[in-house]
């Protein structure tokens, strides 16, 4: 990234985009196959301050007023009431279905420090009537789980462990429900936020990591991933303006492909 930004040339236009029902947070977008519409995933803050999952299908042209919004929540059970659902990274599923990942809370975890989030993967109709699966990396020994993005049968996310200040990244196989840790060498914390399926068994992954080495303390990262061998390739790190020391973590939060 250039250090000299000409505000007269590099201008950005912003447009509100919200569910008419209330305060909306957008956390992922993907084009709908063979359509000009998009899927947008996010969350809606309800009147009683609970967070509900959202998925939108429609155009981007009218600030969300012409498409269809669906409130979707991880299902409660007789022993575990779901109180919050937050949706991330939508993707086109088979036969016109949608895939969504994200996090949710149940009453038993709502007061667990710092927030007790559980991860999920969803596949089915856009109204939320399909299959919901809890995603549990590290054998379920987690304090928080966030699944951020899904494509090509793999999802990426993060988790932490109680009384452990470091964070951990993982990949989730949507076919066999297997989680695999993803760690950058010499890193204290690794985060994964975006995944793109390049075809076959090859993927591009985006995120960031935290290091103690001078000059590469908190870089963002891109990496290739070869699914069959579970192998990282072409790991590249990036720092804003090529700074030598950083005071904040700067990850890449997603991958955008323009046709």
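The lone criterion from (1) at pLDDT 95 or above; (2) surrounded by 23 or more Cβ atoms within 10 Å (Cβ to Cβ) left unmet by residue 132 is number (2). Evaluated against (1) buried (at least 21 other Cβ atoms within 10 Å of the Cβ); (2) more than 16 Å from the chain's Cα centre (by Cα); (3) assigned to a strand (DSSP E or B), residue 83 falls short on exactly one condition, (1).
Entry remark, region 188-215: residues being surrounded by fewer than 17 Cβ atoms within 10 Å (Cβ to Cβ) and modelled with pLDDT under 75 number 4 in total.
For the condition without any contact (Cβ under 8 Å) to a residue 60 or more places away in the chain and out of contact with any strand residue (DSSP E or B) (no Cβ under 6 Å at 6 or more places or on another chain), residue 95 qualifies. Per the listing 64, 157, 119, 89, the residue uniquely assigned to a loop (DSSP other than H, G, I, E, B), crowded, with 16+ Cβ neighbours inside 10 Å and out of contact with any helix residue (DSSP H, G or I) (no Cβ under 7 Å at 6 or more places or on another chain) is 64.
Just one residue in the set 209, 186 is free of Cβ contacts under 8 Å to residues at least 60 places away in the same chain, farther than 28 Å from residue 98 by Cα and assigned to a strand (DSSP E or B); that residue is 209. Here residue 172 does not qualify as in contact with a helix residue (DSSP H, G or I) (Cβ under 9 Å, 6 or more places away or on another chain), within 24 Å of residue 90 (Cβ to Cβ) and either surrounded by fewer than 23 Cβ atoms within 10 Å (Cβ to Cβ) or at pLDDT 85 or above (or both).
Would you say residue 224 is surrounded by 14 or more Cβ atoms within 10 Å (Cβ to Cβ), more than 19 Å from the chain's Cα centre (by Cα), at pLDDT 85 or above and closer than 18 Å to residue 153 by Cβ? Taking the combined requirement at face value, the residue does not satisfy it.
The values are calculated or read from the model by the stated rules, or taken from the named source; none is laboratory data. Note that this is a predicted model, so its numbers are computed, not measured. We place every Cβ from the backbone using ideal geometry, glycine too, and count neighbours over all the protein chains shown.
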